Each structure stands twice: as structure tokens, then as C-alpha cells.
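Asks: Sending over a structure as C-alpha cells; questions will come in a sec.
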């Protein structure tokens, strides 16, 4: 009894960690396992093992065009949000101008506002302006809420940059343009990359705002939602798990590159 | 490129430079000429304006008024990247994303120099670190980073090399070694070095000329020996080494010397070593110039009697005494342990004497403690 207690107190952190990770990963494991389910109409009950779903992920009608739309929207929204967000971050971090504090607060607003409100008001705006909701209204909406996240990530990176590095570059005959290209940008790049990844995953994931502004355009989250009641095909699990795995690979690759940069030339 | 970054040569001249931040004057009407090829030190405590002065020369700070020349070229308004000036920054500011080789090559590449590789390898040999060319800055020790920062600057052969507390982050032993090396490298490359430091020993070891700065102005400028042997102000006397300053009045003259009355005892001070403006004066004597003698033994030169030993600290090569004088002041005395005389002990009655040529005279209205309270180890 005493021994057991001692073992528990010694390994308490490990037990905590194990329970925590289990809690986090059970849904993902569930998704993975059910992607091999030989389902009939609905993928809610386990029938038997099959590789069929992995061999033909595009078999259910519209599932791959929805995925394609999500990826296209994600890439466009990421590009727009990263470009604008990086510029805003530099402006906020480097220049003292009238209303800087106000802009800083505004940047946080989209993160704090309920998506439901954002989605509904965006739709109102688009309709008032005579835009037909569809692919491009989704892109615009996604750029809008992704910008904040890019700004915050990039600004943190700029703030941690030693201003003496840029002074040293200027001291070593680099003009403003060269200093930015050769010193500032490479050093801020990890922050920009982080912001871009965050933007893509937020855009790819978004349901609420997209649902308001999609018109007849179908994205992957919309597909999953609309098919949930009528029976979601296991191919959705295949695609979902693949996206998760891809994200994992990107994170691991990023860590390896980061470590290499630090340790050796 | 035909801009000043390569063509300007000659002495550095600062003409009436001032820099204000709001109401605070960091640098106050400072004028200075630094001859080409010299090793010049700006020495002063934290916040005396020495780093601001350096940054104005580098172009990283704009003077509120005044002008800066290198030879005949006015560089006051010039962008930092157009100046014939390179800086070794306090924390080195090596580019973390570039290799050591590319760090050093940075300036050469920006100027479109042809033989980058040859020049970089040569300077890596000079600082004795050729094997580190392909490493990244974070993989180097502090001392190595310091040398690379130096190499990155001197490879450009600027008219002027600025060093901002370059040894501040190194430990004492490494600092001593780098002091000697820096001096050697300066002779080797023949560039003008302007060195900013709060460490008086560092300035004295390396510089040909030292300007002691205090509150945005230069207190005194001269060779290390000049400043030490004949300080003009209490600040210089206390900031550079230690001094005994004894209050007195000039009571008469004897040829080339003043007769100075120190609490009733008369001593002699050479007129050309007095910076007093009227009869009120501080007589200054460095602690190692004093000799202590027991009552009744003969002694020569300036003599002060009636002291008694208040404290004794034996530190091997010398012994430091605190001697209390009849007027209540404690004088500091450093005696070399080389004369076979038994050390004095606490409470002993003694006389103090010194050669008259070692006395210096300061303005009697000065604050005798100026420059002694500042902590020279404190970083800016």
C-alpha cells in the first residue's frame, strides 16, 4: 500500500500527462479508426475493416470539390492575411503615429467578437453592397479574421528583434532597403511563417463565418456539417485525418529546421 | 562607390556637438579633435554622454546642434551607411542568421568589393579564428564573438573604428588579454580607434589619449600619465585612480612654487600644477606617492605631522594604510613592501611625507568627492 502510494506520488506528473494526452487524442484516434470502417449509409457504427475508403477518397459526390474549395480559399486567405498582417505588424511595431494605440485595440476586435456576429454582419454588408455570396466573399471574410492572428504573431517576433542588428547592418554600408531584405526580413521570417500557418488552419477550419457567406459554394467543413444528418461517409474521416497528419508533419519539419538553424551551419 | 565611405580620411573633428532629449542634455557643447591613427578613449561613468557621442559619430543618433568632420568631409547629416565609420557594438550585434564568414563579408558585399574571400580570410587570421568561418554566432564563446565583431568592422578599413564598451561582457582575465590584443591590432592596421568605456584601467592600458567625460562635457583630455599625475578637477582625480584631496589656502609664493597652508602645516606646490583660481585650494596627492615615517626619523619634502594609523590592510605587494590627521581627515597611503621596514601598526603616531613635485592643486570650491561615488563597474 505504502509502496503503491510512493509510486503514484513519484509518477504523478507522468500520469497527469498521460491522461491529458489521452483526452486530447481520443477523438483523433476515433477519426483514424473509423476511416477504415466499411460503413453502410452512416459511419456511426463499426461494421468491419476495409481499405476501400482510403483507396477512393473522392467517391462520395462533392467531397473532393469541397476539399478543393477549402484549400483554394485557405491559400488565398493566407496569402492576403499574411501580406497585409505583416505590413500592419511592422507599422505598429516600428512607427509611432497618431492613433497607434487605437489600431492596436482594433486588431484584437475580430479575435474577441463572436464568430456568429461577424458572420451575420459580413453577410449583411455583402448583401447591402450587392455582392452575391460565394467563393470570393468567403475569401474576403477569411482574410478579415485571419489578419489579426498574423499581426499578433509577427509583432511579437519584431518586438524580440534586437534593434542593434539593424543598426549594425546600416553601419556596415547596407541602406534601408538592403537592411530590411538581408537582416530584418530573415530574422522576422519565422514569425511570418508561423502567422501564415495559423491563418491557413483557421481558414481551413472555419465553419460559422463561412456558413453565412458561402452562397452555394461548398467548403469541406460545410460538407461535413450538411452530411452529418444524412450519413457522413468515412471518406470525411480519411480527409480529416490526412489534414491532421499533414499539419503534424509541417510542425515536426519546422522544429527540425529550427533546431538545425540553431545548432549547426 | 565614390561616396565618403571609402574616400574620406583624416582627423575626426567634433565642433560644438550637443544632443538633448527633451530637457536632458546628454551631450553639452562638446568639441574634440581626434588625430588620424590614434587610439582615443572616451572615459566616464554611466550616463555621462560618451555612448551618445559615439552614436552621433556613427550616424545612429543625430546631434541637436554642432557638426562632425572626417578630414575635410562634413558627415553630420550623412546616413550611417555612407560614413567611413564602423562600429563594434557593446553586445557585438552579430547577425544570428549568417555564418561567421558572411557576418564579416557583410560590409564588403554591400560595397561591392571584389576579393571578399581573401579579405575575410585575412582578417580571420588576424583575430586567430580562421577555423570558425562556417559556424553561427551563437556557437561561439563571448571572447570569440568579440573578436568576430572586431573583425567584421576592421575588414572594411574604415577611417574610424568605434568601440562601444567592447570588453564589457568579458570576464576579467579575458578582458586583460583582449586589451593587449586590441592595442596590438590597432597598431597593426593603423586605423583610428575611438573607444568608449567606463573602465579607467581599460582606457589607461589602451589609449594614447583619454578624454574624461562627465555630465555631457569633457572634464579633461590628455595622455594617461598626464591625467593621472596632474588632474585638473576633483572628478578626474577621483575617477582615475584614487586621490587624497586636502583643503587649504595659498599663503605665499616661493619662486616657481606656491606655499600652501593645510590646517596650519605648510607644504609646497609647483605653480604650473595648480588649477586653483584663487587662494582657496585642494592639495591633491595620490596614495602611492606618500611615505609614512615613525616620529623622530628624518624625512624630506612636504611633511604633514600628527597622524596616527587608523587601519592597516596588507595586500602582499603593498600595504594600504588609513592615516587619521589632526584635522580629522583620513588619508589613504599605499606603501610598497620593498624597504624592509616593519609594517606600521594600528594606533601608531606617524608623519607623512612626499616629494613636492607630486602635489597637484585643484579649485577650492570643488566637491572633493566628485567622481568617487560612481560605481565604475555598473553598466550603462
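Derivation of every value follows stated rules applied to the coordinates shown; laboratory data play no part. It should be emphasised that the depicted structure is a prediction, and the values quoted were computed from it without experimental measurement. We place every Cβ from the backbone using ideal geometry, glycine too, and count neighbours over all the protein chains shown.
Asks: Over the whole of B:103-115, what's the average partner chain Cβ count within 10 Å per residue? Rounded to a whole number, please.
Replies: Per residue, the number of nearby Cβ atoms from other chains is 3 on average.
Asks: Describe numerically, in nm with one decimal, the distance between label points set 7 Å from Cα along Cα→Cβ at residue A:8 and at residue A:208.
Replies: Modelled inter-label distance: 4.0 nm.
Asks: Run the numbers for residue B:189 and residue B:249: contour at 0.36 nm per residue of separation, minus the present Cα-Cα distance, in nm.
Replies: Taking residue B:189 through residue B:249 to full extension adds about 16.6 nm, to one decimal.
Asks: Share of antiparallel DSSP beta bridges in the protein assembly as shown, in percent to the nearest 5?
Replies: Roughly 75 percent of the DSSP beta bridges within the protein assembly as shown come out antiparallel.
Asks: On to the next question. What nm value, rounded to one decimal, do you get for the distance between residue A:19 and residue B:64 when each label is placed 7 Å out toward the C-beta?
Replies: 6.4
Asks: Please give the peptides B:259-265, A:245-251 ranked by average Cβ packing (other Cβ atoms within 10 Å per residue), highest first, as a rough proxy for protection.
Replies: B:259-265, A:245-251
Asks: Given the Cα-Cα distance of residue A:228 and residue A:216 and 0.36 nm per residue of separation, how much length would full extension add, in nm?
Replies: Gain in length upon complete extension: 2.5 nm.
Asks: Next question, about the same structure. Per residue and in Å³, how big is the convex hull formed by the alpha-carbon atoms of the stretch B:1-116?
Replies: 132
Asks: Using a Gaussian network model on chain B with a 10 Å cutoff between Cα atoms, which of B:70, B:212, B:277 fluctuates the most?
Replies: Ranking B:70, B:212, B:277 by mean-square fluctuation puts B:277 first.
Asks: Which order do peptides A:157-163, B:235-241, B:285-291, A:121-127 fall in by mean Cβ count within 10 Å, highest first?
Replies: B:235-241, B:285-291, A:121-127, A:157-163
Asks: Could I ask something else about it? Within the stretch B:58-86, find all residues whose amide N lies under 19 Å from a label point positioned 7 Å from the Cα of residue B:33 along Cα-to-beta-carbon.
Replies: Under cut-off, by backbone N: B:66-76.
Asks: While we're looking at this one, here's another question. What are the semi-axes of the equivalent ellipsoid of the stretch B:4-229, taken as the square roots of 5 times the eigenvalues of the Cα gyration tensor, listed largest first and rounded to whole Å? Please list the in-between numbers first.
Replies: Values: eigenvalues 154, 84, 50 Å².
Value: 28, 20, 16 Å, ordered largest first.
Asks: In addition: How fast does the stretch B:242-363 diffuse by Stokes-Einstein, in µm²/s, taking the Kirkwood radius from C-alpha pairs at 20 °C and 1.002 mPa s?
Replies: Calculated translational D: 146 µm²/s.
Asks: Sort B:246-253, A:50-57 by the packing proxy (mean of other Cβ within 10 Å over each peptide's residues), most packed first.
Replies: B:246-253, A:50-57
Asks: Same structure, new question: What ranking of B:31, B:274, B:268, A:65 emerges when the number of other C-beta atoms within 10 Å of each C-beta is taken as an exposure proxy, fewest first? It would help to have the intermediate numbers written out before the result.
Replies: Working: B:31 11, B:274 21, B:268 18, A:65 15.
By the 10 Å Cβ count, ascending, the order reads B:31, A:65, B:268, B:274.
Asks: Mean residue ellipticity at 222 nm from the helices of chain B, using -39,500 (n - 2.57) per DSSP H segment of n ≥ 4 over the full residue count, to the nearest 500 deg cm²/dmol?
Replies: For chain B, the value works out to -6500 deg cm²/dmol.
Asks: Something else: Which one, A:111, A:144, A:170, has the greatest fluctuation when you compute a Gaussian network model over chain A with C-alpha springs under 10 angstrom?
Replies: Taking springs between Cα atoms under 10 Å, the residue moving most is A:170.
Asks: A further question follows. How many nm separate the modelled label positions at residue B:318 and residue A:46, each set 7 Å beyond the Cα in the direction of the Cβ?
Replies: Here the answer is 8.7 nm between the modelled labels.
Asks: What shape does the stretch A:209-260 have by the C-alpha gyration tensor, where a ≥ b ≥ c are the square roots of the eigenvalues, rounded means a/c under 1.5, and otherwise prolate means a/b greater than b/c and oblate the rest?
Replies: Since a/c reaches 1.5 but b/c is at least a/b, the shape of the stretch A:209-260 is classed as oblate.
Asks: For B:135-147, what's the mean count of beta carbons from other chains sitting within 10 Å of each residue's beta carbon?
Replies: Numbers: counts 2, 5, 0, 3, 4, 0, 0, 0, 0, 0, 0, 0, 0.
Mean inter-chain Cβ contacts per residue within 10 Å come to 1.
Asks: Now for a separate question. Can you give the % of DSSP beta bridges in chain B that are antiparallel, to the nearest 5?
Replies: In chain B, approximately 75 percent of DSSP beta bridges are antiparallel ones.
Asks: Among B:232, B:25, B:173, determine the one that fluctuates most according to a GNM of chain B built with springs between C-alpha atoms less than 10 Å apart.
Replies: For chain B, modelled as a Gaussian network with Cα springs under 10 Å, the answer is B:173.
Asks: Quick check: from the Cα gyration tensor, does the stretch A:1-121 come out rounded (a/c under 1.5), prolate or oblate?
Replies: The shape class here is oblate.
Asks: Looking at the stretch B:211-274, I'd like the Rg to Rh ratio, where Rg is from alpha-carbon atoms and Rh is Kirkwood's inverse mean 1/r.
Replies: Computed over Cα atoms, the ratio is 1.04.
Asks: Give or take rounding to whole Å, what are the principal axis extents of the alpha carbon atoms in the stretch A:102-222, in descending order?
Replies: Over the stretch A:102-222, Cα extents along the principal axes are 56, 29, 24 Å.
Asks: Counting other C-beta atoms within 10 Å, which of A:39, B:314 has the fewest, and how do the rest follow? Kindly include the intermediate steps, with their values, before the conclusion.
Replies: Details: A:39 22, B:314 11.
So the residues, fewest neighbours to most, are B:314, A:39.
Asks: Right, another one. To one decimal place, what orientation-averaged projected area in nm² is obtained for the convex hull of the Cα set of chain A?
Replies: Value for chain A: 22.4 nm².
Asks: How many Å³ per residue does the convex hull of the Cα positions in the stretch A:18-77 occupy? Please list the in-between numbers first.
Replies: Values: hull volume 7.8 nm³, N = 60.
In the stretch A:18-77, the Cα hull volume divided by residue count equals 130 Å³.
Asks: While we're on this one: Quick one: if the Förster radius is 60 Å, what FRET efficiency do residue A:132 and residue B:337 give, using the C-beta to C-beta distance and rounding to 0.05?
Replies: 0.05
Asks: Oh, and also: Just checking the output field for B:57-63: average partner chain Cβ neighbours within 10 Å of each residue's Cβ?
Replies: The mean count of partner-chain Cβ atoms within 10 Å per residue comes to 2.
Asks: Continuing with the same structure: In Å and whole numbers, how far do the C-alpha atoms of chain B stretch along each principal axis, longest first?
Replies: 77, 44, 36
Asks: Shifting gears a bit: So what is the 222 nm mean residue ellipticity for chain A from helices alone, if each DSSP H run of at least 4 adds -39500 (n - 2.57) and you divide by all residues, rounding to the nearest 500 deg cm²/dmol?
Replies: Working: 13 runs with 198 residues, N = 265.
Estimated from H runs of four or more residues: -24500 deg cm²/dmol.
Asks: Within 10 Å of each residue's Cβ, count the other Cβ atoms and sort B:363, A:142, B:275 from fewest upward.
Replies: Numbers: B:363 16, A:142 27, B:275 19.
So the residues, fewest neighbours to most, are B:363, B:275, A:142.
Asks: May I pose another question? Give me the log10 of I(q) over I(0) for the protein assembly as shown at q = 0.07, 0.08, 0.11 Å⁻¹, as the Debye formula computes it from C-alpha points; what are the numbers?
Replies: -0.71, -0.82, -1.11
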